[in-house]
Amino acid sequence: MAIYHYRNSPLIDRIEMQTPHPGITTATIITAPGVDIKHLQALREHLSGNGISTLMDTVDGHTAIQVRGIRDENALLTCLNKLGLANGSVEKELTAADKNAPKESFGDKVRGKSLFLSALFYDLGNISYIMSGIRRGQHNENGKFTSNDIAELLVGAAFGIGDAVMTGYGKDRGDEELHAVANGLKRHLHRKGIVVPGGDELNPENLHQNGVFKAVDRWLRNISCMSNA
Amino acid sequence: MHSSLKPGNLNRGKLLSGFMITMAWLPTLLLEKPRGHHIFDGDDMSPDSLGDSIRDNPRGLVARPLAMGNNLASLWGANNERIRYHQEVLDAQRQIGIADNSATRTHLAYTQNKQNDYKYNVFSACSFLIAHALFGLSGNKRPHSTKDDDSMMRDMVLLSANMLARQPENIRQAAIAETADYVSKLAHVTFDKKQVEDAIRAKMESLSQSTWAGRVQPQQETGLQARI
C-alpha cells in the first residue's frame, strides 16, 4: 500500500492506495479534521465528473471517501491536483508490505489488461486490412478499385470502428461489479416497493447533468465489451 | 464471403474465414453479458455442462476458437494468393520469352507489383490471432474464492449503506432486510443475511456519526446503536 500525505490541504489528510489486481487501483481518501460536508460533496462530484466512482465511508472514526474505478495512482492524483488540493506538498510513503511486494509477472500484467491489449492488436490488423484494400486497388492494371478491394477496405474500416471504441473503453476499471450491484439492488428494492433516493450511490446526484458527451461516455463504458462483436 | 465466391476469384480459404468469423461473433453477441455480471453468480458455483460453460464464457469458448480458426483460414487464403500471384509472374515472364513487347512487359510489371499484396493479409491474420487469444483470456470467469473476497464484501456492504443512507425511518428496517437478502446471495459474499444486515447497520451508524451525517437520515436510537 502506498500512502500519500497531504501536508497543507484543508480537505485531505492522506490517501491510501492499493492495487488488488494488476491494472486496477483502489484508494481511500481520509479527509482532514473538521472538513465541511459541502466540500466533500463537491470533491465527490468532481471525481465523478472524471468517471471515478466514490462511496461515503469512515475509517477508524475518520470521515473518508472510498474511490474505485481508477486506472492507476496518477489518475487520481492528477485529478486532485487540478482542484489545487495538493498545495505543493504531497509526500509518498511506502509501507513495508509494499516495499517487499513481489514484482508483477509478465503473465499477470497481460491478464490484467487482456481486453485492452487485444483491442490494440485488433487495431493493427484493421489498419493492415485497410492498407491491403488500398494497395490492391492501386496495383490493378487500370488503377481502378474492384469490388473485392473495396470490400476489404470496408471490412477493415467497419471492424476498426468497433475496435477503436474497445481500445478507448475496453479496460476494466475495477468498479464494474459495484455498478452492476448498484443497478441490480435498485431494481430489486423497486420491485419490493422501496425507492432509493438519488445521490447516495456510487455517484452524487448532479453527475448526470454533465451533458450528452458524458452520457454517451457512460453508455459506451457499459457496453464497450460487446462492441467488437 | 461474397467476393471469395466470384467467378475467377474463388478462394476457399477466404470463404471459410468469412464463415468462421460470422459463427464466432454472432453467438458471442447473443451470449455476452454486461460488465461485472459475475458478481451475480453467487449461487452458481460451477457450470455443470458444456452449454453452461459456453454461456459463462462465450468469449473464451466460442469467439476465441472460431475467430482463431478464421485467422488460420485467412492465412491459408493468403497462401493460396501467394501461390497464384507467383504463378502469374512466372506466366508473364514466359510470355515475354515468347513475345517481348510493351504489352507483355506491362503485364509483367503488373503481376510483379501485385505479387506481394497478400502480405498485408498475413500481417492482419497474425495480428488478429494474438488479439483473439487475448480477447478469449479476458472472458475468463474470476474464481469464486479469491484473496480479495473480504474487500469485495466490504465494498458491497458499503455500497448498500450508501444507497440506504437516506431511507426514511419508517421503511429503513425493511429496506435493510431486503438489501441484506440480496447482497448475501452475491458471489464473493461469505456473510449470511443476518451478518450482512448487521454490517450494513453498523456502517450506516458510523456514517451518521461522521461528517457524512448530513447525508444520512436521522434515526431514533435503537438497540443496535446502544450496543455499538
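Structure above, values below:
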quantity: Span from the the stretch A:20-56 Cα centroid across to the the stretch A:127-171 one, whole angstrom; calculated: 43 Å
quantity: Listed residues B:Ile176, B:Ile171 arranged by accessible area, highest first, probe 1.4 Å; calculated: B:Ile171, B:Ile176
quantity: Accessible area of B:Arg55 in the full protein assembly, 1.4 Å probe (Å², nearest 10); calculated: 120 Å²
quantity: The stretch A:1-66, Cα convex hull volume normalised per residue, Å³; calculated: 93 Å³
quantity: Length gained when the stretch B:Gln87-B:Arg55 is fully extended (0.36 nm per residue, less Cα-Cα span); calculated: 6.8 nm
quantity: Relative packing of peptides A:139-148, A:58-67, B:62-71 - highest average C-beta neighbours within 10 Å first; calculated: B:62-71, A:58-67, A:139-148
quantity: Label-point gap, in nm, between A:His39 and A:Ile134 - each point 7 angstrom along Cα→Cβ; calculated: 5.4 nm
quantity: A:His39 - accessible surface, heavy atoms, 1.4 Å probe, Å² rounded to 10; calculated: 110 Å²
quantity: Candidate residues B:Leu15, B:Leu159: accessible-area rank, largest first, probe 1.4 Å; calculated: B:Leu15, B:Leu159
quantity: All-pairs alpha carbon distance profile, the stretch B:53-210, 5 Å steps from 0, percent; calculated: 2, 8, 11, 9, 7, 7, 6, 6, 6, 6, 5, 5, 4, 4, 4, 4, 3, 2, 1, 0
quantity: Heavy-atom SASA rank of A:Ile70, A:Ile127 (probe 1.4 Å, accessible area, largest first); calculated: A:Ile127, A:Ile70
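The values are calculated or read from the model by the stated rules, or taken from the named source; none is laboratory data. All values derive from a computational prediction rather than experimental measurement. Virtual Cβ from ideal backbone geometry, glycine too; neighbours counted across all protein chains shown. Keep in mind that these areas ignore ligands, DNA and RNA; they rest on the heavy atoms of the full protein, side chains included. Shrake-Rupley method; radii C 1.70, N 1.55, O 1.52, S 1.80 Å.
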